[in-house]
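What follows is calculated from the coordinates using simple rules that are stated; it is not laboratory data. This is a predicted model, so every value here is computed, not measured. Cβ sites come from the backbone with ideal geometry, for glycine too, and all protein chains shown count toward neighbours.
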Amino acid sequence: MKICVIGTGYVGLVGSAVFADWGNQVIGVDNNPDKIKMIEAGEMPIFEPGLKELVAKNVASGNLKFTTSLADGINESEIIFICVGTPMGEDGSADLKYIYQVAEEIAQNMKTPKIISIKSTVPVGTNRKVREFIKSKTSVDFASVSVPEFLREGSSIEDMNQTDRTVIGSDDLNAIEKVASLFSHLNSPIVKCDLESAELIKYASNSFLATKISFINEIAQICDLSGADVSKVAYGMGLDSRIGPKFLNASIGYGGSCFPKDVLALFKTSSDFGYHFNILDSVMNTNKNQKYYFLNKIKKVYGDNLKGKKVAALGLAFKNDTDDIRESVAIEVVKILREMGAIINAFDPEAMPNSKKVLGEEHINYLSRKEEVFQDSDLLVILTEWKEFKDISSENLLKLRDKNIFDGRNLLEASKIRDLGINYYSIGRK
Ligand code: UGA
């Protein structure tokens, strides 16, 4: 199939490479010439495991090419996937300006009938409005399809190849079947539905996952109060197949470019429909407070003033296996520790260049190996769930002058740390 993918962010770039790898002829479009030049030169604008290799392989095979010309991209293709950003607007609702800019350009340049699919996360009702908008600007026939994306950063290629489900919404049954044929080789269900249901499946899924995280974070607080262990509680809950084990890791709170934005956007959309979404209100509040719950553990030991203290900080990305620091709770925690007077010795395997841009260099040292953060530090905070932070040698941990570890991701084994004579504070574990 001939496909045009508009936008080369996480969803667009990964999507174009994977569609090409499935044997389609794909053109990736972005209006930023520097980005296109970079990708054509084999450099990825984002860090994503396996992406560079997958793009290179499919460019070499001739299945994948990139352009800044949207007109060329759409006119050579049958199906267009819109994958541009829908950032958080000032009032918390999704800002759809990029979607409408692209819609306008498609309408101006489309010469033959197309299937126009929106993959970007857009509030319920958007696909239909965009359809009307394009219709008002062109006489060329087209079908509108909503194909929300469920990939996670850090494992996006695997997520696309082994998706739990594909959701395809449209009023046009032929268009649904055509788009479905792209995914039919995947061994997973395809949910065929109307535009609005497809849009809502995406928001409801992200919001439900965020709810799971806030729920377990509140359970963790009860664990701290009662002496229970949240990892055991989560394990015991997760064995119930109706609950499932995933997204029950207590933490400093969820971050990233999706959950905070999408939970708020669904809350806003609900309000616009005249409905107050009580649960989501609580999910957001719990998440906002969770980092302070973690910081209070530090304050209980050190008080409000960390002047003269050097804090080893492991992790700056919003989660593991990514260089993305958008809405990263780790970054927020580092900022607060610095405001409290601490000097930060930080390490993240991928997110340091991005972190430098927002945190600057004042009172923060960026170290090139995780072991280096221990060399001149009083205490340790663990802020991102990188697997490699699980195995830090006792020798390094014992270098911490105050012998205090605050683990915001429950990565380390409590009993082992305490056997070393180090005080260990985590989220909801004895
Ligand atoms: C999320 C969804 O998981 C994807 O399905 C969706 O496609 C994507 O948003 C999107 O809408 O584009 P992502 O933001 O990449 O994916 O990251 P997640 O793995 O979901 O993690 C989100 C946040 O929750 C991270 O800060 C992570 O550290 C935190 N988290 C996750 C926890 O605190 N505890 C958990 O048990 C799981």
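Laid out as a table, the results:
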read-out	value
Rounded if a/c under 1.5, otherwise prolate or oblate - segment 1-157, Cα gyration tensor axes	oblate
Whichever lysines have a C-alpha closer than 19 Å to that of K2, once near sequence neighbours (fewer than 8 apart) are set aside	K57, K65, K111, K114, K119, K178
Prolate/oblate/rounded label for segment 283-401 (Cα gyration tensor, a/c 1.5)	rounded
In range of the label at V140: residues from segment 93-117 whose backbone nitrogen is under 13 Å from the point 7 Å along Cα→Cβ	103-116
In range of the label at N423: residues from segment 369-400 whose backbone nitrogen is under 15 Å from the point 7 Å along Cα→Cβ	378-381, 400
222 nm mean residue ellipticity, helices alone, for the chain (DSSP H n ≥ 4; -39,500 (n - 2.57); rounded to 500)	-13000 deg cm²/dmol
Extended-chain gain in nm, criterion 0.36 nm per residue less alpha-carbon gap, H185 and E76	36.9 nm
Segment 136-197, Rg to Rh (Cα coordinates; Rh as Kirkwood inverse mean 1/r)	1.05
Cα long-axis angle, helix 278-302 against the chain (0 to 90 degrees, to the nearest 10)	30 degrees
Cα-only radius of gyration and Dmax that characterise the chain, units Å	23.3, 75
Cβ-based exposure ranking for Y10, Y100, Y366, Y235, in which fewest neighbours within 10 Å come first	Y235, Y100, Y366, Y10
Sites matching trypsin sites (Lys or Arg not before Pro) across segment 370-420 that sit in DSSP coil, with at most 14 neighbouring C-beta atoms within 10 Å	K390, R401
Beta bridge orientation in segment 81-224: antiparallel %, DSSP, nearest 5	15 percent
Pairs from K97/K268; K310/K335; K307/K370; K52/K246; K212/K319 whose Cα-Cα separation, in the structure shown, is over 20 Å	K307/K370; K52/K246
Overall form of segment 23-106 per C-alpha gyration tensor (a/c, 1.5; a/b vs b/c)	oblate
On Cα atoms only, tilt of 97-109 relative to the major axis of the chain in degrees	20 degrees
